[in-house]
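Just so it is clear, none of the values below were taken in a lab; they were calculated from the coordinates. Predicted model, so just to flag it, every value in this text is computed and none were measured. Don't worry about glycine lacking a Cβ; one is built from the backbone with ideal geometry, like all the others, and counts go over all protein chains shown.
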Amino acid sequence: PPPANTRRASSPPDGGWGWVVVFGAFVSIGFAYAFPKGIAIFFKEIQDFFGTSYSEVTWVSSIMLATTYGVGPISSILVNRYGSRPVVMFGGLLCGIGMVSAAFCTSIMQLYICVGFITGLGLALNLQPSVIMIGKYFLKRRPIANGLAMAGSPVMLCTLAPLNQFLFDSFGWRGSFLILGAILLNCCVAGALFRPIGPGTASVKTQVTKEGKGALKQEVTEDAMEISSPTNLPMENKTEEEEDRDCCEKINQYLDFSLFKHRGFLIYLIGNVLMFLGFFAPIIFLAPYAKHIGIDEYSAAFLLSILAIVDIVARPTTGIIANSKWVRPRIQYFFSFSIAFNGTCHLLCPLASSYTGLVVYSVFFGLAFGMVCAMLFETLMDLVGAARFTSAVGLVTIAECCTILLGPPIGGMLIDTFGDYKYMFVKCGLVMVLAGTFLFIMNYYNYRVLAKEEKERKAKEEDPKTVRTENEGRKNWIKETTQDGPELEPLREEQAGPKKEVNG
């Protein structure tokens, strides 16, 4: 077993340098979530510049979001291999390169590659390590830390929405992309704050594994010396099987595919995949919708700022409520309610035909959006635990990227087909209400099954005690009779005689 010092080093400190890590996660998560939404300010102008439709322009944000979520397993593997700090710094460098190269694009396809894929890949390398790092530094205060870190998204969105409009008016969309590429390099600074925790545990583990491997090698060589040459073939087969098992164990170290047998994880995965089909489209089309009904550009961008300001308050508040003793034991129900509430806001959005109505919609949308985002990863960690959280995040994000990729373009197709935005909002609202209802019902079923399994486990722990004691008594009585009874030896010899004759 590892010494006491390494145990102390590996336990989450729940404070100290952890709050600096929260600030770094605040910056990196803020850019990862807010940048694909804030860039929607340029969509109207990019559409006019390249002569494309709504659905074609929205592929820029869709590819960026899908790459951010789909590269989750690769990000998790890199974090397990190299740590969070170098991965986040490399991601920030990719973000800057993607946006600077996008300033020189001459076609919409080049924007898909530079903004969508390269910048999305950099944002993915910022998102996953930041969430994982908070889980390593916090345990008791983890919901509050997650809420504060997730507040980076509305703060960045509140800043980027008017900033992007100002940059476009001053420098055009090409000059704006150059400046945004320089701003995204701040993710490298945020990644430098992710100091690894528990450095002593890794060395101890490597020493233990090396000693264990050395002992196994000695045992194998000793056994090989004792066994004769004709029996070496089974030994080689065993080593090949062990090598196959080692390969599977190495894969499972990075991505634990046994999570697909976890009932709570599957419920969470199905509900989230359905939810993301309508999660990002409304916030991407909010500013274009305001411009479509005749609202000026700065007022349309200010709607995103209103949404973000409410989101700033909603995320930490939701984290505090989720950390309370009344909500945390049943946090899955709270998460389901937040998704259904978000969908209800979208269903009521077509009723807002004036700027005042859109402001009211933005307020409620910001509240619902912040509630969902604050508990998005906390509910997953509540289901699978901190040990399997890294693999769970990677598997969930790669499954979610399909619906994230298709959500905004489907909304754009509805707008191009009907010439009205209300069908897009209704579609997103229905999908999210359905996802929230599904999660609520299935989590209720999961809690009932878990309670039943817990009762059965306790019953099995209590009942077999008497059976085990009786079986152990019988075995001991048989041993005593066979050891202490010399009168049974003639019978054994008589029974052994016919067996030897038969064998002969």
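Restricting the calculation to Cα positions, tell me the Rg (one decimal) and the Dmax (whole number) of the stretch 255-459 in Å.
For the stretch 255-459, the Cα radius of gyration and maximum Cα-Cα distance read 18.4, 68 Å.
What are the ³J(HN,Hα) values, in whole Hz, obtained from phi via the Karplus relation 6.51 cos²θ - 1.76 cosθ + 1.60 with θ = phi - 60°, for each residue of the stretch 434-448 in sequence order, with x given for Gly and Pro?
5, 5, x, 5, 4, 5, 5, 5, 6, 5, 4, 5, 5, 5, 5
The stretch 304-389: percent of C-alpha pairs farther apart than 16 Å?
It works out to 55 percent of all Cα pairs.
Taking only the alpha-carbon atoms of the stretch 88-186, what semi-axes of the equivalent ellipsoid follow from 5 times the gyration tensor eigenvalues under a square root, in whole Å, largest first?
29, 16, 9
Which translational diffusion coefficient, to the nearest whole µm²/s, is obtained for the stretch 11-197 from the Stokes-Einstein equation, given a Kirkwood hydrodynamic radius over C-alpha pairs, 10 °C and 1.306 mPa s?
96
Using the Cβ atoms and a cut-off under 15 Å, what net charge is assigned to the surroundings of Arg195, where Lys and Arg are +1 and Asp and Glu are -1?
On the way: positive: Arg85, Lys136; negative: none.
Summing Lys and Arg as +1 and Asp and Glu as -1 gives +2.
Could you list, in their original order, any pairs among Lys261/Lys325; Lys37/Lys291; Lys37/Lys422; Lys136/Lys455; Lys44/Lys422 whose Cα atoms are separated by more than 22 Å?
Lys261/Lys325; Lys136/Lys455
Defining a contact as two alpha carbons under 8 Å apart and six or more residues distant in sequence, what relative contact order in percent does the stretch 66-188 show?
40
Based on the mean of other beta carbon atoms within 10 Å per residue, what is the order of 63-69, 430-436, 102-108, most packed first?
Numbers: 63-69: 26.7, 430-436: 21.9, 102-108: 15.4.
Listed from highest to lowest mean packing, they are 63-69, 430-436, 102-108.
Within 10 Å of each candidate Cβ there may be at most 11 other Cβ atoms; applying that plus a DSSP loop requirement, which trypsin sites (Lys or Arg not before Pro) in the stretch 290-377 survive?
Lys325
Using a simple spin-label model with points 7 Å from Cα along the Cα→Cβ vector, what separation in nm is obtained for Lys458 and Tyr82?
In this crude spin-label approximation the distance works out to 4.9 nm.
Only Lys, Arg, Asp and Glu count, each charged at its Cβ (+1, +1, -1, -1), so figure out the dipole size of the stretch 406-464 about its Cα centre, rounded to 20 debye.
120
What does the charge count around Val88 come to, taking other residues whose C-beta lies under 15 Å from its C-beta (Lys +1, Arg +1, Asp -1, Glu -1)? Don't jump to the answer; show the numbers that get you there.
Numbers: positive: Arg81, Arg85, Lys136, Arg195; negative: none.
Local net charge: +4.
Please state, to two decimals, what the Cα-based radius of gyration of the stretch 320-441 comes to when divided by 2.2 N^0.38 Å (N = residues).
Normalised Rg, Cα atoms only: 1.19.
Cβ under 14 Å from Ala34's Cβ, Ala34 left aside: what net charge do those residues give with Lys, Arg +1 and Asp, Glu -1?
That works out to +1.
How high is the FRET efficiency from Phe50 to Val449, r the C-beta distance, R0 51 Å, rounded to 0.05?
Given R0 = 51 Å and the Cβ-Cβ separation, E is 0.45.
How many times 2.2 N^0.38 Å is the alpha carbon radius of gyration of the stretch 115-169?
1.45
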